[in-house]
Amino acid sequence: MITAARLFFTLLAGVVLVISSAAAQNFPSKPIRFVVSQTPGTPPDVLARILVPEMSRFLGEAIIVENKPGAGGIIAFEYVAKQVPADGHTMVIVTVPGLAILPLTVKNLRFDPLKDLPPFIGLGEGRYFFGTSSKYPWKTLAELVSHVRANPGKLNYATTGANIHLISEALVRDLGLNMTRIDYGNAGPYFQALASGEVQLGVASGAFAVTLGEKFRLLVGTGDQRQAPYLDVPTFTELGLPKIPGVSYTLNVPVGIPKVALDALYSAASRTLQHSEVKARFAKLHTEIAEQTPAAAASNLAEVAKFYADMAKKIGLQPE
């Protein structure tokens with residue numbers, strides 16, 4: 001026989017279940033926080049602010065951008081992965097290489113970038129370009145390679161940070177070049193060295209390549225096909241070289257958010273990416289729209305992480 005107390009708790013559990021289900025179906029039920037791991041004015045921040053108006057309109061709720069810079073993105077990523085409810089009301093824009101390399105560079109990382117902070121959509125991809133100061137005579141990668149091989153150990157390549165270090169090592173090793181690495185502590189001196197010819201080879205994103213202008217000659221770029229306005233620059237694929245990942249962006253959430261929230265966020269972001277003004281503003285940042293489903297974006301993150309992990313193992317990079 002069902003006692004009165006047991007009946008009460010059974011009914012109470014049913015009420016809670018109905019309320020929880022209704023709350024989930026009414027997503028979003030409050031303003032959404034859009035976390036950015038870098039300072040205002042940086043590419044991820046600008047991309048976030050491009051997306052917010054349209055995503056907010058499609059979701060029918062306000063979206064508030066919160067900049068949480070510091071520690072190479074760890075402050076923002078850990079906050080979203082571990083410190084907010086997994087209800088879909090907090091998301092973070094991710095630079096995929098920056099997230100993928102964290103386990104390789106940071107000891108005792110308190111979250112798993114692949115498991116705890118999954119992407120729900122791939123947004124776009126920018127290019128990395130290997131280039132040289134225009135003061136030098138070589139105009140193609142093949143000409144530079146010939147010069148390096150004729151002068152082993154006499155030329156330098158520049159790096160700054162683990163990401164640039166690893167992709168630079170990938171190229172230098174794949175081509176079997178005997179060059180000396182010079183590491184620069186931050187971006188300012190690094191790009192100055194590239195433009196002045198203090199070093200003979202370095203990497204710049206499409207956005208930074210524009211700021212360097214004619215001082216920096218582009219030799220080869222990431223991506224499968226050439227991209228405007230760099231139609232005269234061949235890709236790794238064209239030259240038959242191993243693929244090096246570009247700089248891609250995703251929107252990520254804590255693992256385990258309700259499906260209704262995941263579907264709503266994906267739909268809003270996907271519709272936003274189709275907007276002509278959004279496409280034009282992405283293009284100004286030298287970022288191609290490259291929408292990916294949650295599964296495809298997660299697969300890309302895993303592939304990029306594997307690329308960097310394999311290269312880190314080859315050069316003996318250890319987390320600090």
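This table checks each residue for (1) under 18 Å from LEU51 (Cα atoms); (2) hydrophobic (A, V, I, L, M, F, W, C).
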residue: ILE64; (1), (2): yes, yes
residue: ASP87; (1), (2): no, no
residue: THR95; (1), (2): yes, no
residue: GLY98; (1), (2): no, no
residue: THR105; (1), (2): no, no
residue: ASP116; (1), (2): no, no
residue: PHE120; (1), (2): yes, yes
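Residue check: is VAL255 assigned to a loop (DSSP other than H, G, I, E, B), modelled with pLDDT of 95 or more, among the hydrophobic types (A, V, I, L, M, F, W, C) and open to solvent by 50 Å² or more (accessible area, probe 1.4 Å)? Yes; evaluated as a whole, the condition is true for this residue. Residue count for region 73-104, restricted to those that are on the phi > 0 side of the Ramachandran plot and without any contact (Cβ under 8 Å) to a residue 40 or more places away in the chain: 1.
Of the candidates ALA290, ALA268, the single residue that is within 19 Å of PHE58 (Cα to Cα), open to solvent by less than 50 Å² (accessible area, probe 1.4 Å) and small (Gly, Ala, Ser) is ALA268. Within region 171-207, restricting attention to residues that are closer than 22 Å to PRO44 by Cβ and in a helix (DSSP H, G or I), the residue that is modelled with the lowest pLDDT is ALA207.
Of all the listed residues (LYS313, LYS306, LYS279), the sole one being charged (D, E, K, R) and in contact with a strand residue (DSSP E or B) (Cβ under 9 Å, 6 or more places away or on another chain) is LYS279. Residues of region 168-192 that are open to solvent by less than 60 Å² (accessible area, probe 1.4 Å), small (Gly, Ala, Ser) and farther than 25 Å from LEU239 by Cβ: ALA187, GLY188. Residue pairs whose Cβ atoms lie under 7 Å apart, sitting 6 or more positions apart in sequence or on different chains, and linking a residue in region 268-281 that is of a type in the set (Ser, Thr, Tyr) to a partner that is part of a helix (DSSP H, G or I), are THR272/LEU51; THR272/GLU54; THR272/MET55; THR272/PHE58; THR272/VAL278.
Does any residue of region 211-232 turn out to be assigned to a loop (DSSP other than H, G, I, E, B), surrounded by fewer than 22 Cβ atoms within 10 Å (Cβ to Cβ) and either in contact with a helix residue (DSSP H, G or I) (Cβ under 6 Å, 6 or more places away or on another chain) or of a type in the set (Gly, Ala, Ser) (or both)? Give the steps one after another, and end with the answer.
Narrowing region 211-232 to residues assigned to a loop (DSSP other than H, G, I, E, B): 222-232.
Subset that is surrounded by fewer than 22 Cβ atoms within 10 Å (Cβ to Cβ): 224-232.
Subset that is either in contact with a helix residue (DSSP H, G or I) (Cβ under 6 Å, 6 or more places away or on another chain) or of a type in the set (Gly, Ala, Ser) (or both): 228.
Yes, region 211-232 contains a residue that is assigned to a loop (DSSP other than H, G, I, E, B), surrounded by fewer than 22 Cβ atoms within 10 Å (Cβ to Cβ) and either in contact with a helix residue (DSSP H, G or I) (Cβ under 6 Å, 6 or more places away or on another chain) or of a type in the set (Gly, Ala, Ser) (or both).
Selection of first residues in region 130-158 that are closer than 27 Å to VAL247 by Cα and of second residues that are modelled with pLDDT under 95 and of a type in the set (Asp, Glu), restricted to Cβ pairs under 7 Å at least 6 apart or on distinct chains, gives the following pairs, ordered by first then second residue: SER134/GLU214.
Might you check whether a residue that is among the hydroxyl-bearing types (Ser, Thr, Tyr), modelled with pLDDT under 95, open to solvent by 30 Å² or more (accessible area, probe 1.4 Å) and over 18 Å from the mean Cα position of the chain (by Cα) occurs anywhere in region 18-28? Before you say what the answer is, go through the steps one by one.
Step one: of region 18-28, the residues among the hydroxyl-bearing types (Ser, Thr, Tyr) are 20-21.
Next cut, modelled with pLDDT under 95 only: 20-21.
Imposing the further condition that a residue be open to solvent by 30 Å² or more (accessible area, probe 1.4 Å) reduces the set to 20-21.
Imposing the further condition that a residue be over 18 Å from the mean Cα position of the chain (by Cα) reduces the set to 20-21.
Yes.
Scanning region 234-252 for residues that are part of a loop (DSSP other than H, G, I, E, B), aliphatic (A, V, I, L, M) and either at pLDDT 95 or above or surrounded by fewer than 20 Cβ atoms within 10 Å (Cβ to Cβ) (or both) yields LEU239, LEU241.
The values are calculated or read from the model by the stated rules, or taken from the named source; none is laboratory data. Predicted, not measured: the structure shown is a model, and the values here were computed from it. Glycine gets a Cβ as well: all are built from the backbone with ideal geometry, and neighbour counts include every protein chain shown. Each accessible area value is taken on the protein alone, full model and side chains, heavy atoms only, with ligands, DNA and RNA left out. Shrake-Rupley method; radii C 1.70, N 1.55, O 1.52, S 1.80 Å.
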